[in-house]
Amino acid sequence: MTERAKSATTIQPRPWVLVVEDEARLRNEFTQLLTAVAPDLGEICAVGSSEDALILCAASMPQVAFIDIHLPGRSGLELVAALPPDTKVVFVTAHDEFALRAFDQGAVDYLLKPISLPRLQVCVERLRSRSTLSAQQLSNMLANVSGAYGLVIPKAPVYLRWLTASSGKRTRLIPVRDVIYLQSDNKYTRIVCRDSEHLIEESLRSLLPRLDPAVFLQVHRATVVSLNEVLMVERDDAGGGLLHLRSCKSTVRISAPFLRELKAYLD
């Protein structure tokens, strides 16, 4: 696996394992060790930051995640709260005895650096037997023990899961996961989904902060696109271009400033 996270449009067709470790040498060593001990867990995707991890998770959900507690920017504790709820989590740390005491509750597993082969084998057996907590259960447990052990766990932002389109006495629920792109139409917003279109009485400006930035990216003053739906970028001579989409035949214009932002986001 490369040292950088792949783009949010990368599709992982089989079960995969997320490893988040900011030190390249340790990341490579752990990946090699885990590959030797547990090839059955799936492909290993190793990255150096929470931000890169979230880009991968926007495209596909990992079944297992090994996360260093101390990461640059968003910590491992914060990352756990943002992971898919079914992900099995193992913390990796070099010290923080107070954190280990909090995690050593039997169901939650951790690895202490330097990682020994026997300890990793025990951890993998726990994962295979599903005896570890999921990301959601772990997040709840951390919230309960934070006061007792002095852990400060920032609350993860809650993003929209549904949009509503009303017509007379009827209100239709639109799953955000089905949205391809959103386009501003004065005080309304046009929502284009895989099998339908809707016009809702809410501005794009008010919706944007409540959409998950790991999934949705503004590509024009009046347009926000799901990165999962971007198939190809066709650049023009003015520095902008067109986005070709996976689930519909129409294209979406991306202006030059947002194209630069998209390239930086995916690098």
Just to confirm, what accessible area per residue do you get for segment 161-267 at 1.4 Å probe, in whole Å²?
61
Could you give the length gained by full extension between Arg190 and Ser166, i.e. 0.36 nm per residue of separation minus their alpha carbon distance, to one decimal place?
7.3 nm
At R0 = 35 Å the Cβ-Cβ FRET efficiency linking His244 and Leu173, nearest 0.05, sits at 0.75
By how many nm would the segment from Leu117 to Glu29 grow when fully extended, if each residue of separation counts as 0.36 nm and the alpha-carbon distance is taken off?
30.5 nm
What is the calculated FRET efficiency for Ala94 to Asp40, with r their C-beta to C-beta distance and R₀ = 25 Å, to the nearest 0.05?
0.35
What aspartates and glutamates does Lys113 reach when the alpha-carbon gap must be under 14 Å and sequence neighbours fewer than 8 apart in one chain are set aside?
Glu21, Asp22, Glu23, Glu29, Asp68, Asp96, Glu97
For labels at Glu51 and Leu199 in the simple 7 Å Cα→Cβ model, what's the distance in nm?
3.9
For labels at Met232 and Val158 in the simple 7 Å Cα→Cβ model, what's the distance in nm?
4.2
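The values are calculated or read from the model by the stated rules, or taken from the named source; none is laboratory data. Worth saying up front: this structure is predicted, and the values here are computed from it rather than measured. Every residue, glycine as well, gets a Cβ built from its backbone with ideal geometry; the counts of neighbours run over all protein chains shown. Just the protein is used for accessible areas: all its heavy atoms, side chains included, with ligands, DNA and RNA removed. Shrake-Rupley method; radii C 1.70, N 1.55, O 1.52, S 1.80 Å.
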